[in-house]
Amino acid sequence: MRRFLTHKARSLLLRTAASSTPPPYPLLPAIGFSSSSSSLLPSQYDISYLASLRSPFSSSADSMAASDSPIPLTLDTINPKVLKCEYAVRGEIVTLAQKLQQEIQENPSSHPFDEIIYCNIGNPQSLGQQPITFFREVLALCDHPAILDSSETQGLFSTDAIERAWNILDQIPGRATGAYSHSQGIKGLRDTIAASIEERDGFPADPNDIFLTDGASPAVHMMMQLLIRSEKDGILCPIPQYPLYSASIALHGGTLVPYYLDEATGWGLNISDVKKQLEAAKSKGITVRALVVINPGNPTGQVLAEDNQRALVEFCKKEGLVLLADEVYQENIYVPDKKFHSFKKISRSMGYGEKDISLVSFQSVSKGYYGECGKRGGYMEVTGFSPEIREQIYKVASVNLCSNISGQILASLVMSPPKIGDESYESYSAEKNDILSSLARRAKTLEDALNSLEGISCNKAEGAMYLFPRLHLPQKAIEAAEAAKAAPDAFYCRRLLNATGIVVVPGSGFGQVPGTWHLRCTILPQEDKIPAIVSHLTEFHEGFMDEFRD
Ligand code: DCS
């Protein structure tokens, strides 16, 4: 396999390098792109991506002939949808960062920095954020119920954590956390989640509408699997978008239909643009089936105004589109004048019920103040689908048997944390407020620092975990990027990494208005690291601008 893949990767690399200059982002002309088009490669514009495909295999390759390999798979024969799928958050830039990290470990003076700072991914605990004590107490007790009866446990764990663990275990048949559960998740946990949604929104929620999943990602894939029949099926997605959506649409063979968020108005949503894009897609023979909205936004950080939300609900109802509402950042809001309103609450408050709109809301334990990404918990709340379709969703969920039980327990905990009067309440709220207020300060410091730099403009992070500044790059830098066969923002991010050890993701991985360049930087490094990040970023940026000044 080694030599054959190496050979094929190289030949694809050469073929790609020989092709004409590409457009800036492969999904933007997404209306009508098809698996039979020329765009079969993940990023045919990014030569180094293909180079990275062969890197693990390259050592012994050169001396071996390819054609005698018995290995059946080549890049030409695997599912082209897999080749087409891209996921920038863990893409080429991270491969480079890992290489640099290895080099620093082997020789600490090999680079002008002594650590890699991962600002590429929303993974708070990997950067030192501590888990919420109450959640972990309950998880630990559920995982090892034998200690629940021990007298020492009373002194070590809070009484409400012990009580909650008993409650949860009582809801699990045989108290067996190591057993498969119902494919939608443990019923008692779904009851808790439904009750908390009801409390959050002020409208009824049904535990039978909840599907517990291993994070929000599998839930999104499940819905794409249900919706997409062929490349003629389109999904409206915000641009910029979180690349789970473009990746999942590519994997399932559909067409991403972009609608653009308006950077000039703080990444506002203009419903007339959404309508225009829908009409353009229809005129190309695309059947648009659903609209994705991410609120608060990733990578853009905006919190939608209520009237925008109502306009989207109205639009989806009128056009018969399923509304896929990604609400995983519902706890991450940093500005006092904005609040989270679920799309379910908005639609119910407009008087629309199950019969009027098909709506899926995604939630995750990975985000918020809890940041439990590695526990893989989340759910989708599915409303407004007929019983036959619900059965089909259930069938797809059941193919995976069930989501992991710790993730299920955590999903119930984040939706139903300690309440006033519970023993843990004070310490729980202190931990939560510390994290959220620190995130707000970090967002503001980074935003101010970026805005103080020549050629960078950055909208406020009203919510979520990211800043998405625009880079107004000098023409000479754009030409240098072209010469290096990289998108200008990828070129900038690579230079930043090589100079400072800071890992950010080029805007081209999320989609952007053609001809504009951005990067995405998380606000997650611990607060004491922020001043150093700001000074390294500033120093790098000033040097970069001087080097390429027109
Ligand atoms: N939806 C959005 C908007 C996200 O940002 C993420 C993860 C997910 C869904 C899926 O997360 P889970 O599967 O863990 O629930 N955010 C990625 C990101 O942009 N950085 O880190 C991961």
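Going by alpha carbons, how many degrees (0 to 90, nearest 10) lie between the helix axis of 425-451 and the longest principal axis of the chain?
Roughly 20 degrees between the two axes.
Pick out, in residue order, every one of the GluC sites (Glu not before Pro) in the range 421-522 that is DSSP loop and has at most 16 other C-beta atoms within 10 Å; say none if there are none.
Qualifying residues, ordered by number: Glu423, Glu454.
Quick one: His111, His472, fewest Cβ neighbours within 10 Å first, how do they rank?
In increasing order of surrounding Cβ atoms, one gets His472, His111.
What is the dipole size for the range 116-192, taken about its Cα centre, with +1 at each Lys and Arg Cβ and -1 at each Asp and Glu Cβ, in debye to the nearest 20?
300
Would you mind ranking Met350, Met222 so that the residue whose beta carbon has the fewest other beta carbons within 10 Å leads the list?
Met350, Met222
With everything on Cα atoms, drop me the angle between helix 187-201 and the longest principal axis of the chain, reported from 0 to 90° to the nearest 10.
Tilt relative to the chain: about 80 degrees.
When the helix-only estimate is applied to the chain (DSSP H runs of n ≥ 4, each -39,500 (n - 2.57), divided by the residue count), what is the mean residue ellipticity at 222 nm, nearest 500 deg cm²/dmol?
-13500 deg cm²/dmol
In the structure displayed, which of Lys84/Lys338; Lys81/Lys395; Lys339/Lys375; Lys84/Lys282; Lys276/Lys485; Lys339/Lys395 lie more than 30 Å apart, Cα to Cα?
Beyond 30 Å between Cα atoms: Lys84/Lys338; Lys276/Lys485; Lys339/Lys395.
Could you tell me how far the Cα centroid of the range 492-550 sits from the Cα centroid of the range 152-191, in Å?
Rounded to whole Å, the Cα centres lie 44 Å apart.
Rounded to the nearest angstrom and ordered from largest down, what semi-axes does the equivalent ellipsoid of the range 182-415 get from its C-alpha gyration tensor (root of 5λ)?
Ellipsoid semi-axes (Å, largest first): 26, 21, 17.
To the nearest 20 Debye, how big is the dipole of the range 182-415 about its Cα centre, given +1 on the beta carbon of each Lys and Arg and -1 on that of each Asp and Glu?
My answer is approximately 400 debye.
Taking the Cα atoms only, what angle lies between the long axis of helix 2-18 and the longest principal axis of the chain, rounded to 10 degrees?
60
Using a 10 Å cut-off around each Cβ, can you sort Tyr428, Tyr180, Tyr87 from fewest to most neighbouring Cβ atoms?
The most exposed by this proxy come first: Tyr180, Tyr87, Tyr428.
None of the figures in this text is laboratory data; all of them are computed from the coordinates on show. Everything numeric in this text was worked out from a predicted model, so none of it was measured. For neighbour counting, all protein chains shown are included, and Cβ atoms are generated from backbone atoms with ideal geometry for every residue, glycine included.
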